[in-house]
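The values are calculated or read from the model by the stated rules, or taken from the named source; none is laboratory data. Bear in mind that the values here come from a model prediction, so they are computed numbers and not experimental data. Cβ atoms come from the backbone with ideal geometry, glycine included; neighbour counts cover every protein chain shown.
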């Protein structure tokens, strides 16, 4: 029996599981040892290593800090704390821990390497380059040294230095993917997107289960104006991040990829996300897309929602307990079902519209805004609405009461790509030379609010609605408010996309009191200058899953 197994036996098994990459099992066995002997350092350290290897840096950081209380003078512990903190973007803790590790062991190259990369990530490029100079003195001709020099040089904009170092690292250690990834980043920084794509595709063949490769490849392909190829890269990304949908069991497009997600469980959620997932499960059961066994997930959501406190119901987010998450893990954060439209190479936009006239109106208007009714062909509207209602791709939690489905995480059906291509075809005077940069959809909880005022990181916004008109209880609202004054040219992306409402309203001045109101209508699109501040209008939609406000946004070009 496991209860009578010796500590040595448990540790031996933990070590074997750790070497086999079974990190969660390894950590669990260490916990069993610690139940018997809480003061032992070895199982606590090994548990922390397993947690870190399982991509749980927050949990691992706490475990390493417990070890530090017992062994405060161990350089390796400070080093690991620094690495975990860096992965959590807590650079203050990372720097402090790594400096301490280096002080305790001046020849500890790992801590010095991590410190150089931390400085680089913080934008302290001078400090980062100084650290790499010391690294080159201690270990002048290893792949790791050249890789770090290349990374730091790339981040500091010294592209020739970066390319030289990374090429050397790739020669010395051809199997290490890191230098090749950073070399691709150097190509992107130089504007040589073709070379970057070649490297990313090579890495994808060698490391098909690397999320970063598929994500970066998709971004570069979008930048090159190839949304179809980008969608394929993002389909790989979504599969790795969220698993294989049930409807692909008999016809798997990626049989070489794992069935289950490679990422760690995401237990972060909110009341409105739990409510949405429960309603989507009920809907999918009602239309017979899921087997009866998923009724137990519906019951689990009922139980979790029923015990939420008032504070949890109003919180921006909450963390599910392990047992609660386990009871809904087949649905939560999973691409459980993907209702592909199967759209072929057929026009998606309404060809009967006067697209030339619409383009002329847009180019002549100030500010540049046009409203397009009957935007999609009727069959395209039906197909897209079915895709949005039945696909469990709503992973992005928004605290104001809405959820997002993004291009790289499932919102990449061929119909959407065709919409983007048709827009460029019909509106060349607006969109030629401004390729699709990003697209997403939002679904809104009826009792909450939508998006605050913001501007976007693009040249042109295309926003359209697909919820039936009868779902909207107030036909004069439910759409978009667009303000006539654009974001200041000297504002950064963070400022114009996420500045406090008061600051944006102050900038808008008198224009803040007279926005252009575009009421919600099914199959209505609004095309406008992305620099214009805009926000979701008041929402008053009927209750019920199929009545939720659904909008699609596509961004084209750069400001």
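Mind checking which residues of segment 283-310 are modelled with pLDDT of 95 or more, part of a helix (DSSP H, G or I) and closer than 20 Å to residue 448 by Cβ?
Passing the criteria: 283, 301, 304, 305, 306.
Can you say whether residue 242 is in contact with a strand residue (DSSP E or B) (Cβ under 9 Å, 6 or more places away or on another chain) and within 22 Å of residue 392 (Cα to Cα), as far as the supplied structure shows?
no
Considering (1) touching a residue at least 12 places away in the same chain (Cβ under 8 Å); (2) out of contact with any helix residue (DSSP H, G or I) (no Cβ under 8 Å at 6 or more places or on another chain); (3) on the phi < 0 side of the Ramachandran plot, say which one residue 433 fails and leave the rest.
For residue 433, the failing item is (3).
Please count how many residues of segment 335-359 are touching a residue at least 24 places away in the same chain (Cβ under 8 Å) and in a helix (DSSP H, G or I).
Of the residues in that region, 3 qualify.
Looking for whichever is surrounded by fewer than 16 Cβ atoms within 10 Å (Cβ to Cβ) and either on the phi < 0 side of the Ramachandran plot or not in a helix (DSSP H, G or I) (or both) here; the options are 38, 43. Which one fits?
38
If residue 257 satisfies all but one of (1) in a helix (DSSP H, G or I); (2) touching a helix residue (DSSP H, G or I) at 6+ places or on another chain (Cβ under 6 Å); (3) within 22 Å of residue 411 (Cβ to Cβ), what's the number of the condition it fails?
(1)
Is segment 219-226 home to any residue that is surrounded by 15 or more Cβ atoms within 10 Å (Cβ to Cβ), in the same structural domain as residue 156 (by TED's automatic domain parsing), out of contact with any strand residue (DSSP E or B) (no Cβ under 7 Å at 6 or more places or on another chain) and free of Cβ contacts under 8 Å to residues at least 24 places away in the same chain?
Within segment 219-226, none of the residues are surrounded by 15 or more Cβ atoms within 10 Å (Cβ to Cβ), in the same structural domain as residue 156 (by TED's automatic domain parsing), out of contact with any strand residue (DSSP E or B) (no Cβ under 7 Å at 6 or more places or on another chain) and free of Cβ contacts under 8 Å to residues at least 24 places away in the same chain.
Among the residues of segment 455-468, is there at least one that is at positive phi, part of a loop (DSSP other than H, G, I, E, B) and touching a helix residue (DSSP H, G or I) at 6+ places or on another chain (Cβ under 7 Å)?
Within segment 455-468 (the criterion being at positive phi, part of a loop (DSSP other than H, G, I, E, B) and touching a helix residue (DSSP H, G or I) at 6+ places or on another chain (Cβ under 7 Å)), the answer is no, since none of the residues qualifies.
Tell me, please, whether a residue that is surrounded by fewer than 20 Cβ atoms within 10 Å (Cβ to Cβ), in the same structural domain as residue 549 (by TED's automatic domain parsing), in contact (Cβ under 8 Å) with a residue 60 or more places away in the chain and closer than 21 Å to residue 230 by Cα can be found in segment 361-369.
No, the conditions are met nowhere in segment 361-369.
Being under 28 Å from the mean Cα position of the chain (by Cα), touching a residue at least 12 places away in the same chain (Cβ under 8 Å), within 21 Å of residue 395 (Cα to Cα) and surrounded by fewer than 13 Cβ atoms within 10 Å (Cβ to Cβ): is that true of residue 328 here?
On the way: under 28 Å from the mean Cα position of the chain (by Cα): yes; touching a residue at least 12 places away in the same chain (Cβ under 8 Å): yes; within 21 Å of residue 395 (Cα to Cα): yes; surrounded by fewer than 13 Cβ atoms within 10 Å (Cβ to Cβ): no.
No: the conditions fail for residue 328.
Please work out which one of (1) under 30 Å from residue 423 (Cα atoms); (2) at pLDDT below 95 is the condition residue 162 fails and give its number.
Of everything listed in (1) under 30 Å from residue 423 (Cα atoms); (2) at pLDDT below 95, residue 162 misses just condition (1).
For segment 472-484, name all the residues that are part of a strand (DSSP E or B) and under 16 Å from residue 370 (Cα atoms).
Correct list: 480, 481, 482, 483, 484.
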